[in-house]
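What follows is a short report on a single structure.
The values are calculated or read from the model by the stated rules, or taken from the named source; none is laboratory data. All values reported here derive from a predicted model rather than from experimental measurement. Note that each Cβ is placed from the backbone with ideal geometry, even for glycine, and that neighbours are counted across all protein chains shown. Accessible surface is based on the protein model in full, side chains and every heavy atom, while ligands, DNA and RNA are left aside. Shrake-Rupley method; radii C 1.70, N 1.55, O 1.52, S 1.80 Å.
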Amino acid sequence: MVCWRRAAVVWLCCCLCLLWLGAQAAAGQARPWERGGGAAGSALLGNRRFEGLQKHLGTVSALSRRYWRLLACRLWQEECDGSEEEEEEGDEEEGVVAIEEEEGKGKTDLGKQGWHMPMVSEILSSWYCSFGKCCVTGDCRVTNNITGLEQDLNRRLHGQHLAKDVVLKAVQGFLETPQPEKALALSFHGWSGTGKNFVARIIAEHLYQDGLKSECVKVFISLFHFPHPKYVDLYKAQLAKQISETVQLCHQSLFIFDEVEKLHDGLLDAIKPYMDHYDSVDTVDYRRSIFLFLSNTGGNIINEVALDFWRSGHAREEITLEYLERYLRTELLDSTDEGSAHNSLLEENLIDFLVPFLPLEFRHVKLCARDAFLARGLQVTEEALDEVAGMMVFVPKEEKLFSAQGCKSVSQRINYFLP
């Protein structure tokens, strides 16, 4: 461990030296407009470039001094006592930003924290962000692209006007709240293939630079990650550790629980404290986290409401969230079926929004097929779309209105049309 720390210090020192040498070399070179022989336009461009370089080097220098003090404080506890408020002020024309540092009020025993990855990640992330425009959120891994989220939901999600509206408003409102009272918890309900996982992926793609692969995003599949009931206590400890470490590592975290109806109730008890109205749990603040729960439960009552609207001659787009949520909430709370333990989250008011996913009709399956054809660069024809949609099974038996699989197997069906 000591060798590793020394290596890290040496590496950081080398980086700082290279930056300093680069700055000296740049400063020692003749400015482009002083060399003579160039046109006025070239001189002006060189002047701007040189000023931009000066500004960037000034920023890097200030950040480097800041993180060297932080590193020294963490490793050797130098200059850690008392209140630290230092400002590095430079000429505004050179773009040297003012840095104000507060490493804690009063004496803090930072030695107990040691050298840990979240601290290293914060340093590198902030230093990297000084080079670009990725730091609006304060974390380069977090993008929070609400405009892109809205566009993708409108363009790629078919037949789900309720889900589009609820998800967009809930996520946007949460992200725009400076200090949320609790973590955001959304519960997705509907038949398989209606778009629950699809929407979860779209959310991850537009909130995080690396989407589902981001270190700030964790996906848990009940029967895959927690298959054996006899190991529930072990799973609880592992789950709590993963959630805690992710929140400490990331300014904003996303946790997705798929097939939550198959999750053991003991694991749900382990999750609840992180979703409740607590300022912190074990000194960690979880209120900037997002929890998505994906479940097939409630799908039948959602389909019944949609079918009743169709039979009465009304368009599915006339179904309102208030109307459907009444039936869905009652169905979930009254359910005594095996696998309904996750409804305790609803009973304890830990779920902020129920998000119903309606069953998909023939026209929606065709739109899914169109997207699949285009994604593979294949030619799209109405005949091909009709044929793909016709391969699906539709229910109920009399009306044959809703796709039993949703759009889940559409991408595999178009393999039939490959040349």
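Quick one: Tyr286 ticks every box in (1) closer than 20 Å to Asn349 by Cβ; (2) in a helix (DSSP H, G or I) bar one, so which box is it?
Condition not satisfied by Tyr286: (2).
Taking region 306-322 on its own, how many of its residues are crowded, with 19+ Cβ neighbours inside 10 Å and either closer than 27 Å to Leu212 by Cβ or free of Cβ contacts under 8 Å to residues at least 24 places away in the same chain (or both)?
So the answer is 0.
This table checks each residue for (1) under 25 Å from Phe174 (Cα atoms); (2) among the aliphatic types (A, V, I, L, M); (3) part of a strand (DSSP E or B); (4) open to solvent by less than 10 Å² (accessible area, probe 1.4 Å).
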residue	(1), (2), (3), (4)
Leu223	no, yes, no, no
Lys230	no, no, no, no
Asp233	no, no, no, no
Lys236	no, no, no, no
Ser244	yes, no, no, no
Leu254	yes, yes, yes, yes
Phe257	yes, no, yes, yes
Leu267	no, yes, no, yes
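Specify the residue that is most open to solvent (accessible area, probe 1.4 Å); the eligible residues are those in region 195-221 that are of a type in the set (A, V, I, L, M, F, W, C) and assigned to a helix (DSSP H, G or I).
The first filter runs over region 195-221 and keeps only residues of a type in the set (A, V, I, L, M, F, W, C), leaving 198-200, 202-204, 207, 212, 216-217, 219-221.
Going one step further and asking which of them are assigned to a helix (DSSP H, G or I), we end up with 198-200, 202-204, 207, 212.
Working: Phe198: 53, Val199: 0, Ala200: 3, Ile202: 1, Ile203: 2, Ala204: 0, Leu207: 0, Leu212: 74 Å².
The selected residue is Leu212.
Is it the case that some residue within region 357-366 is open to solvent by 20 Å² or more (accessible area, probe 1.4 Å) and touching a strand residue (DSSP E or B) at 6+ places or on another chain (Cβ under 9 Å)?
Here is the first cut: in region 357-366, the ones open to solvent by 20 Å² or more (accessible area, probe 1.4 Å) are 361-363, 366.
With touching a strand residue (DSSP E or B) at 6+ places or on another chain (Cβ under 9 Å) added as a condition, the list becomes 361-362.
So far as region 357-366 goes, yes, one or more of its residues are open to solvent by 20 Å² or more (accessible area, probe 1.4 Å) and touching a strand residue (DSSP E or B) at 6+ places or on another chain (Cβ under 9 Å).
Looking at region 210-230, I want the residues that are within 21 Å of Asn296 (Cβ to Cβ) and have a partner that is in a loop (DSSP other than H, G, I, E, B) with Cβ atoms under 7 Å, at least 6 apart or on another chain. Which pairs are those?
So the pair list comes out as Ile221/Glu259; Ser222/Glu259; Ser222/Leu263; Leu223/Glu259; Phe226/Leu263; Phe226/His264; Pro229/His264.
Considering only residues that are hydrophobic (A, V, I, L, M, F, W, C) and over 8 Å from the mean Cα position of the chain (by Cα), which ones fall in region 188-217? Explain how you work it out, then say what you get.
The initial filter retains those residues of region 188-217 that are hydrophobic (A, V, I, L, M, F, W, C), namely 188, 191, 198-200, 202-204, 207, 212, 216-217.
Once the filter is applied, which keeps residues that are hydrophobic (A, V, I, L, M, F, W, C) and over 8 Å from the mean Cα position of the chain (by Cα), region 188-217 yields Phe188, Trp191, Phe198, Val199, Ala200, Ile202.
Test Gln248 against the stated conditions and say whether it is closer than 30 Å to Asp165 by Cβ and in contact (Cβ under 8 Å) with a residue 12 or more places away in the chain.
Values: closer than 30 Å to Asp165 by Cβ: no; in contact (Cβ under 8 Å) with a residue 12 or more places away in the chain: yes.
In short, no.
What residue, of Ala237, Ala200, is in contact (Cβ under 8 Å) with a residue 12 or more places away in the chain and of a type in the set (A, V, I, L, M)? Please lay out each step first, then the result.
On the way: Ala237 fails: in contact (Cβ under 8 Å) with a residue 12 or more places away in the chain.
Criteria check complete, one pass: Ala200.
Limited to region 331-344, what total is found for residues that are surrounded by 12 or more Cβ atoms within 10 Å (Cβ to Cβ) and either part of a helix (DSSP H, G or I) or in contact with a Pro (Cβ under 8 Å, 6 or more places away or on another chain) (or both)? I'd like the intermediate steps shown before the answer.
Start the filter on region 331-344 by keeping residues that are surrounded by 12 or more Cβ atoms within 10 Å (Cβ to Cβ), which leaves 331-333, 335, 339-344.
After this cut, where a residue has to be either part of a helix (DSSP H, G or I) or in contact with a Pro (Cβ under 8 Å, 6 or more places away or on another chain) (or both) as well, the list is 331-333, 341-344.
Result for region 331-344: 7.
Results for (1) modelled with pLDDT of 95 or more; (2) of a type in the set (Val, Ile, Thr); (3) farther than 24 Å from Phe257 by Cα, shown as yes or no for each residue.
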residue: Ser121; (1), (2), (3): no, no, yes
residue: Cys134; (1), (2), (3): no, no, yes
residue: Cys140; (1), (2), (3): no, no, yes
residue: Gln151; (1), (2), (3): yes, no, yes
residue: Arg156; (1), (2), (3): yes, no, no
residue: Asn197; (1), (2), (3): yes, no, no
residue: Ala204; (1), (2), (3): yes, no, no
residue: Tyr208; (1), (2), (3): yes, no, no
residue: Leu212; (1), (2), (3): yes, no, no
